[in-house]
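Asks: Please find one structure pasted underneath; my questions will follow.
The values are calculated or read from the model by the stated rules, or taken from the named source; none is laboratory data. Keep in mind that what you see is a predicted model, and the values were worked out from it rather than measured. Cβ placement follows ideal geometry from the backbone for every residue including glycine, while neighbour counts extend to all protein chains displayed.
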Amino acid sequence: MTKQVLETLTPGMQLVSNGNSVYTVTESFANQFKSGDKVYCIDGESEPIIIPKEDIDALDKMMRNAQNGFESLATLDASVIDAFYGYVLAYLSDDNRWQTIQSINNHDVENAQKKGRSTTRLVADDRCRKNMIECVRSIQQQAVSINDVVQQRRHDGWVATVQASPLGIVGFVFEGRPNVIVDATGLLKSGNAVVFRVGSDALQTAVAIMNTVIYPALDAAGISRHAIQLIDSSQRSAGWALFSHSDIGLAVARGSGKAVRMLSSIARQSGIPVSVHGTGGAWMVTSAFTDGRRLHDAIVCSLDRKVCNTLNTLCVLESEMSRQLPIIQAALAEAGDHLGASFKVHVESSTRRFLSPEMRESYVTVHRAAGVCDEYQYDTIDRSELGREWEWEKTPEISLIAVASIDEAVALFNRYSPQFIASLISDSASEQSSFFKAVNAPFVGNGMTRWVDGHYIFHTPELGLSNWENGRLLARSGVLSGDTVVTQRIYMEQALSRLKR
């Protein structure tokens with residue numbers, strides 16, 4: 001058996017993937033491939049993807065620069081890194097600079113709307129600006145963690161000191177929320193360089209933030225611009241090239257759905273550690289010990305906007321449906337009112353029997369990315385769709401299922417959910433204990449679901465969240481922040497001259 005570089009593809013050629021899967025090359029796919037391109041087979045996709053040579057070459061240049069930027073950080077005093085965040089704060093607080101960013105962001109939002117894309121996370125408004133400033137302040141307050149002592153082990157005549165050290169270059173891809181750019185800068189606190197890409201809808205906004213805030217702050221602080229780099233490309237293949245590059249120490253993808261699953265697959269095939277959660281959406285479970293007011297408030301406070309930690313699926317005991325369904329309806333209505341909209345419920349088929357005739361026939365106006373439309377307020381879904389994440393705009397949208405027991409709800413969560421967030425609204429301590437032990441989720445609570453956010457939990461900037469869709473994480477929580485992206489080195493200090501094993 002011989003190994004050779006793939007220079008061409010021919011129709012009918014077979015590509016082996018994942019041990020025993022075979023793709024047969026079509027004529028159109030063969031015509032897309034050229035020498036220097038790379039082919040990756042992605043689980044669940046009907047055909048492989050091609051990473052073009054031009055994207056690979058562009059990334060090679062960026063990575064060489066990033067390596068120089070990373071090495072330059074090791075020689076900087078902590079005060080220099082702290083000064084950078086001071087400049088970022090000043091520039092974000094400058095109204096003229098922010099107006100420039102907003103003007104460009106308006107064009108991004110308009111273009112996305114014309115394409116029928118969701119813009120709920122794309123807008124750079126005053127709330128976004130405030131969140132960015134708060135995030136920078138919290139990063140600035142963190143200690144620079146380069147070469148922090150983790151532990152020491154003393155021996156006769158010598159000492160071993162374990163120190164946290166920078167990991168290297170972090171590849172970061174996110175969907176389009178402008179504030180995430182600031183999150184990425186937190187990697188400087190642990191001495192890491194970052195190369196990142198944003199979705200095409202938000203690219204010009206990201207370029208504006210880099211040119212108006214980040215790059216000037218790096219220059220003012222005396223830090224190389226190569227330490228934080230944005231890939232100025234709207235092509236998805238640029239992200240694929242980033243996550244396949246061998247010099248990446250960690251690949252981080254924020255967002256959900258097909259794009260993130262594809263990126264994580266590429267990184268894993270390339271031998272790159274990855275932190276992602278491919279699907280969002282929180283689950284909530286009720287019991288006979290559920291207080292009605294707490295249930296109402298947990299629902300309302302979990303549906304203030306659509307992000308990954310928004311309530312998505314609600315499991316209600318069959319024995320409690322008559323008591324709790326009116327509470328659920330009132331909470332959904334209140335959540336919709338706060339957003340100037342109604343609400344939408346996807347009812348599991350066997351649960352439909354609990355709906356009144358009026359509920360089954362009611363129509364409602366729903367805000368979609370493509371526009372406003374009239375739909376059944378309560379439609380029907382199959383049990384297998386309980387894990388589907390509803391990407392709503394202004395109209396809160398959840399799935400609802402009646403279950404025989406909490407155990408059944410846990411079994412459904414463990415089978416169908418993205419294994420991300422689970423909440424049990426119950427006043428029973430024994431139920432909470434059993435639930436925590438049985439549910440396969442990295443984030444478990446007894447109230448609203450929107451608490452799952454690194455900054456909200458730990459007051460540290462969040463680089464990314466990880467669910468357990470691809471398995472449990474080794475020795476860390478599902479919250480990844482810039483100051484935790486480290487490796488460990490061991491320094492041996494010998495005091496006894498004639499030390500011998």
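Asks: Which of the residues that make up region 205-248 are surrounded by fewer than 18 Cβ atoms within 10 Å (Cβ to Cβ) and within 18 Å of SER103 (Cα to Cα)?
Replies: VAL207, ASN211
Asks: For region 153-255, which fully contained helices (runs of 4 or more DSSP H) count at least 3 residues that are touching an Asp or Glu at 6+ places or on another chain (Cβ under 8 Å)?
Replies: Filter on region 153-255 gives 203-209, 236-243.
Asks: Quick test for you: out of ARG97, ARG121, ARG64, ARG117, pick the one residue that is touching a Lys or Arg at 6+ places or on another chain (Cβ under 9 Å) and among the basic types (Lys, Arg).
Replies: ARG121
Asks: Hey, another quick one. So which residues in region 42-56 are within 20 Å of VAL260 (Cβ to Cβ) and in contact with a helix residue (DSSP H, G or I) (Cβ under 8 Å, 6 or more places away or on another chain)?
Replies: Of everything in region 42-56, those that are within 20 Å of VAL260 (Cβ to Cβ) and in contact with a helix residue (DSSP H, G or I) (Cβ under 8 Å, 6 or more places away or on another chain) turn out to be ILE42, ASP43, GLY44, GLU45, GLU47, PRO48, ILE49, ILE50, ILE51, ASP55.
Asks: Inspect region 279-286 for any residue being assigned to a strand (DSSP E or B) and under 20 Å from GLU462 (Cβ atoms) and give the result as yes or no.
Replies: Within region 279-286 (the criterion being assigned to a strand (DSSP E or B) and under 20 Å from GLU462 (Cβ atoms)), the answer is yes, since at least one residue qualifies.
Asks: Identify, please: which residue in region 436-461 is of a type in the set (Ser, Thr, Tyr) and assigned to a loop (DSSP other than H, G, I, E, B) and is, among those, nearest to VAL300 (Cα to Cα)?
Replies: THR449
Asks: When you scan region 340-353, do you find a residue that is touching a residue at least 40 places away in the same chain (Cβ under 8 Å) and charged (D, E, K, R), even just one?
Replies: The answer is yes, given that some residue of region 340-353 is touching a residue at least 40 places away in the same chain (Cβ under 8 Å) and charged (D, E, K, R).
Asks: Also, quick follow-up: From PHE458, PHE436, which residue is of a type in the set (A, V, I, L, M, F, W, C), closer than 21 Å to CYS135 by Cα and surrounded by fewer than 23 Cβ atoms within 10 Å (Cβ to Cβ)?
Replies: Step by step, each of PHE458, PHE436 is checked, and only PHE458 is of a type in the set (A, V, I, L, M, F, W, C), closer than 21 Å to CYS135 by Cα and surrounded by fewer than 23 Cβ atoms within 10 Å (Cβ to Cβ).
Asks: Can I ask one more? Here are some conditions: (1) more than 26 Å from LEU242 (Cβ to Cβ); (2) modelled with pLDDT under 90; (3) loosely packed, with under 10 Cβ neighbours inside 10 Å; (4) not aromatic (Phe, Trp, Tyr). VAL5 meets all but one. Which one does it not meet?
Replies: VAL5 satisfies all of (1) more than 26 Å from LEU242 (Cβ to Cβ); (2) modelled with pLDDT under 90; (3) loosely packed, with under 10 Cβ neighbours inside 10 Å; (4) not aromatic (Phe, Trp, Tyr) except (1).
Asks: Of all the residues that make up region 11-31, how many are in a loop (DSSP other than H, G, I, E, B) and either touching a helix residue (DSSP H, G or I) at 6+ places or on another chain (Cβ under 6 Å) or closer than 12 Å to GLU47 by Cα (or both)?
Replies: 3
Asks: Is it the case that some residue within region 274-285 is touching a residue at least 60 places away in the same chain (Cβ under 8 Å) and closer than 30 Å to ALA78 by Cα?
Replies: Scanning region 274-285 turns up at least one residue that is touching a residue at least 60 places away in the same chain (Cβ under 8 Å) and closer than 30 Å to ALA78 by Cα.
Asks: Okay, next question. Please enumerate the residues belonging to region 292-319 that are surrounded by fewer than 20 Cβ atoms within 10 Å (Cβ to Cβ) and within 22 Å of ALA438 (Cα to Cα).
Replies: Across region 292-319, the qualifying residues are GLU318, SER319.
Asks: Considering only residues that are among the hydrophobic types (A, V, I, L, M, F, W, C) and part of a loop (DSSP other than H, G, I, E, B), look in region 382-433 and name the one that is farthest from the chain's Cα centre (by Cα).
Replies: Among them, the one singled out is ALA404.
Asks: Only one residue in GLN329, GLN324, GLN377 is at pLDDT 95 or above, of a type outside the set (D, E, K, R), in contact with a Lys or Arg (Cβ under 7 Å, 6 or more places away or on another chain) and closer than 24 Å to GLY387 by Cβ, so which one is that?
Replies: GLN377
Asks: Sort out which residues of region 323-339 are free of Cβ contacts under 8 Å to residues at least 12 places away in the same chain and either in contact with a Leu (Cβ under 8 Å, 6 or more places away or on another chain) or more than 16 Å from MET284 (Cβ to Cβ) (or both), and write them in order of number.
Replies: The answer is PRO326, ALA333, ASP337.
Asks: Count, please, the residues in region 207-247 that happen to be under 21 Å from MET132 (Cα atoms) and of a type in the set (Ser, Thr, Tyr).
Replies: Residues meeting the conditions: 2.
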